[in-house]
1. When a/c reaches 1.5 or more, the comparison of a/b and b/c decides; with that in mind, is the stretch 155-229 rounded, prolate or oblate per its Cα gyration tensor?
2. Rounded to the nearest 0.05, what FRET efficiency do I34 and N94 give with R0 = 25 Å and r taken as the Cβ-Cβ distance? Could you check?
3. Using θ = phi - 60° and the Karplus curve 6.51 cos²θ - 1.76 cosθ + 1.60, what whole-Hz ³J(HN,Hα) does each residue of the stretch 297-310 get, with Gly and Pro shown as x?
4. From the Cα gyration tensor of the stretch 32-125, with a ≥ b ≥ c the square roots of its eigenvalues, which class applies: rounded if a/c is under 1.5, or else prolate if a/b is larger than b/c, or else oblate?
5. State the extension gain, in nm to one decimal, for the chain segment bounded by T234 and S259, taking 0.36 nm per residue of separation less the distance between their alpha-carbons.
6. Less than 20 Å from a label point 7 Å out along the Cα-to-Cβ axis of N385: which backbone N atoms in the stretch 108-142 qualify, by residue?
7. Between E169 and Q250, what is the label-point separation in nm under the 7 Å Cα-to-beta-carbon projection?
8. Quick one: Cα centre-to-centre distance for the stretch 153-168 and the stretch 401-435, in angstrom?
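Computed from the coordinates by the stated procedures, all read-outs in this text should not be read as laboratory data. Predicted model, so just to flag it, every value in this text is computed and none were measured. As a convention, Cβ positions derive from the backbone with ideal geometry for all residues, glycine included, and neighbour counts pool all protein chains shown.
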Amino acid sequence: MKRMTKVWGMLCLAGLLISLYLGVSFLVPKQGKIILTFGMFSGNQSDVPNDDCYKIIDETIKEFEKEYPNVKVKYTSGILKEDYSEWLSNQALNGALPDVFMVLPEDFTTFASIGILKNLETMLKADASLKKDAFYQGCYDAGTYKGNQYALPYESVPSLMLVNETLLEKNNISLPDNRWTWNDFYNICKKITKDTNGDGKTDQFGVYDYSWIDAIYSNGGGIFNGSGTSCNITNPSVEDAILFARNIYQLSGRQSPTSEDFDKGNIAFRPVTFSEFRTYKARRFHPHLLFFSHSHCIPLPEGPDGKNLSETETMLMGINARSEHGGLAWNFLKKLTYDEEVQQKIFQYSKGISPLKKVTDSEKTEEILKNSIGDDTTVQVSMLNQIMESAARKEKFQQYDTVIDYMDGEILRLFQEEGDFDMNLLHLKKKIDRMLKENLE
């Protein structure tokens, strides 16, 4: 909390300095080679192993420098994701913010509101070659602030439901289709959950790690309002989702399954990110994970007021509002986010999904996934396209993780307690709203 408050203060000061800078309009002619700087962190946004985190960037820089021989693109390597926000803040305070840089979802609103990110609307209108409908709508909207575009989507990571088909077959249950519902999910989990060895303890479970957050997104709700100043847990669709998550939780008799139970093949379902799914499939020949050779991914089940969609986190890229190389910065940003060959490499070298429709829903992507996952990738690519078409934007803001962690603990406590659930939820809303208000002060 103290560290995030420090980062917030640094960002606000940086925003003030940038605003003062922009109040004085001047251009300094550059002689010789132009240095274009880029900001990135090592690894990826999903925190799954990725040894090729620099490969896409290095190859793109090489291509860009070939197109623009008078330009040299430089970046600082080795910055960890957990240190990246503070590193950017320091760069901004020192007047050394990169011309183009990655933007974590939790930083976007802050960066846009205090003037660190350049408003891209003028560039978008002037550049007819970039069509915003080439992106999945939810991914593109992740870079929108108060009706203006401040960043473009680079890579997205949606959540999916990993299915242990072996366990379903063992219990004479068919694999659900991509349009399955909460009722389907609950009924399968109820049938799967049992004591198989007669020792009086449940040892086979329907689902592991399904949360009230998963239920909210699949029922058309959002945890917070758009500005992150109030939570929505007493809204009808959101409250219904939390109640459904409680019903799922109570199926196991309050005996919580573990990741070890899942790895041993004793659990039918587990929500995972697409990145985690690809990582699991790469381990499918591990002796303790043999069931993954007969596993599948489908969308999360839809609630009565929602769709088969899930929380999707999108990595954004933007331009420094005080960059002296606006035109080149725009061209490099486009190269990273809009060039189909560059975006195709996300499937090849990373574990996420391209926000470009044409790239994700392509034969090349199908081929790459077939080599790395080994499933019926015709269905897989079709499903990914379906999920991305209705991707739910993750509502992140400064202190998001702190607030969500607190809510998660409190809601789990409510799941375990008797009493007036509606009233307890109302009390929790008041606490969270106070917490959000304090974070703004």
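1. Taking the square roots of the gyration eigenvalues as a ≥ b ≥ c, the stretch 155-229 is prolate.
2. The pair I34/N94 has a calculated efficiency of 0.75.
3. Each residue's phi maps through the Karplus curve to give 10, 9, x, 5, x, 8, x, x, 10, x, 9, 7, 10, 8 Hz.
4. In terms of gyration-tensor shape, oblate.
5. Computed gain between T234 and S259 is 5.9 nm.
6. 131-140
7. 3.5
8. 28
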